[in-house]
Amino acid sequence: MELEKIDEEDGKLRFVVKDSSPAMMNAIRRISMNQIPVLAIEDVGIIENSSALFDEIVAQRLGQIPLVFDPKKFDAREECDCEEGCVNCEAKFTLQKEGPGKVYSGDIVSESDDVEILYDGIPITELDENQEIELEATAIVSIGEDHSKHQAAISSYQYYPIIDVDQEELTDDEKEECVEVCPRNVFEVDDGKLKIVDEKRCTLCKECVQETDFDGITVTSDEEKFIFKIESVSSLNPEDILEKTAEILDGKAEKVIGKLG
Amino acid sequence: MIIPVRCISCGKPVGHLWEEYKERTEDGEDSGEVLDDLGLDRYCCRSLFLTHTDLIHRAAKFKK
Ligand code: SF4
Ligand SMILES: [Zn+2]
Ligand SMILES: [Zn+2]
């Protein structure tokens, strides 16, 4: 297996994987989405909530807010040595605001120095005249399988496209049509020839094949080569997620081998 | 009611993008272009923004 990075922007990482299989790709996909420990608010103690949203909904909204944390510092609550929760397995927050006005995630106060709210502008609720909200919250580390608020990333993969263009078979009109019809702008016409600008953009939709009446262009997939995408939906960056995924997969494989032997 | 914190289908955090989206579309910008700009490229997130209506300020007038 060989990895080659294509690009990374706005927390979205794309890379090419060579000499692998769909089984392996799917293992990476599933682990990166639902096996990576991520911090999220779990328990909320409502002291006062006279806003239009019910307590449960406020708590559910708080749970979904992405938090910045140090993955090395936190243990799962069940695995921690303490009984009642400590700084190694929990992070505490408070929120207090009086109306009128909107309550944002930025109004939440973190009680630990190394835990922060990732986005300040998430609306939590809205307060009218004489309405008030006051609460305490506790965040824990858990995995996406447990609850989707702990999901680290959205991952996907596709086969690497192989696009074959037979220049002789295609008329000039057909070439122009291909450029027009491809939703991903894979082609361009240059010097009377249909050129592939970037085959990595291709989604294997085969619109171009159909447009040329199955004659002139073939689009097939390389079944041992993949394009993999990891988009972070937590505060972790995609490269760290990939690294952690490899570590977890390794651990799982060890466990199976241990059981066999 | 109020914009969801995360996209209800894919789980991407989107709540913090709503106010910018609302402001810019109300100023006459094309909603498709604003969505592209905000990095909402999946149709689940896009439909969430296109179909959302803020109603919480009305609900706030009634007793819970
Ligand atoms: S298969 Fe679809 S995306 Fe790929 S080149 Fe043809 S039209 Fe473009
Ligand atoms: Zn503990
Ligand atoms: Zn979505």
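The values are calculated or read from the model by the stated rules, or taken from the named source; none is laboratory data. Fair warning: this is a prediction, and the values are worked out from it, not measured in the lab. Please note: Cβ atoms are built from the backbone with ideal geometry, for glycine as well, and neighbour counts cover all protein chains shown. Accessible surface is based on the protein model in full, side chains and every heavy atom, while ligands, DNA and RNA are left aside. Shrake-Rupley method; radii C 1.70, N 1.55, O 1.52, S 1.80 Å.
With the checklist (1) in contact (Cβ under 8 Å) with a residue 12 or more places away in the chain; (2) more than 14 Å from ligand 1 (Cβ to nearest atom) in hand, flag the one item A:D173 doesn't pass.
The single condition A:D173 does not satisfy is (1).
B:S47 fails exactly one of the following numbered conditions: (1) touching a residue at least 12 places away in the same chain (Cβ under 8 Å); (2) more than 11 Å from chain A (Cβ to nearest Cβ). What is the number of that condition?
Condition not satisfied by B:S47: (1).
Mind checking which residues of the range A:100-123 are open to solvent by less than 50 Å² (accessible area, probe 1.4 Å) and within 15 Å of B:A59 (Cα to Cα)?
Answer for the range A:100-123, where residues must be open to solvent by less than 50 Å² (accessible area, probe 1.4 Å) and within 15 Å of B:A59 (Cα to Cα): just A:G101.
Kindly establish whether A:E211 is out of contact with any helix residue (DSSP H, G or I) (no Cβ under 7 Å at 6 or more places or on another chain) and open to solvent by 50 Å² or more (accessible area, probe 1.4 Å).
no
Might you let me know whether the range B:22-42 holds any residue that is open to solvent by 80 Å² or more (accessible area, probe 1.4 Å), at the interface with another protein chain (Cβ under 10 Å from one of its Cβ atoms) and within 16 Å of ligand 3 (Cβ to nearest atom)?
Within the range B:22-42, one or more residues are open to solvent by 80 Å² or more (accessible area, probe 1.4 Å), at the interface with another protein chain (Cβ under 10 Å from one of its Cβ atoms) and within 16 Å of ligand 3 (Cβ to nearest atom).
Determine which single condition B:G15 fails, assuming it passes every other condition in (1) buried (at least 16 other Cβ atoms within 10 Å of the Cβ); (2) farther than 18 Å from A:L127 by Cα.
Failing condition for B:G15: (2).
Going residue by residue through the range A:65-86, is there one that turns out to be open to solvent by less than 40 Å² (accessible area, probe 1.4 Å) and outside any loop (DSSP other than H, G, I, E, B)?
yes
Is it the case that some residue within the range A:151-160 is within 10 Å of ligand 1 (Cβ to nearest atom) and aromatic (F, W, Y)?
Within the range A:151-160, not a single residue is within 10 Å of ligand 1 (Cβ to nearest atom) and aromatic (F, W, Y).
For the range A:29-64, which residues satisfy the criterion of being under 15 Å from A:S232 (Cβ atoms) and assigned to a helix (DSSP H, G or I)?
A:R29, A:I31, A:S32, A:M33, A:N34
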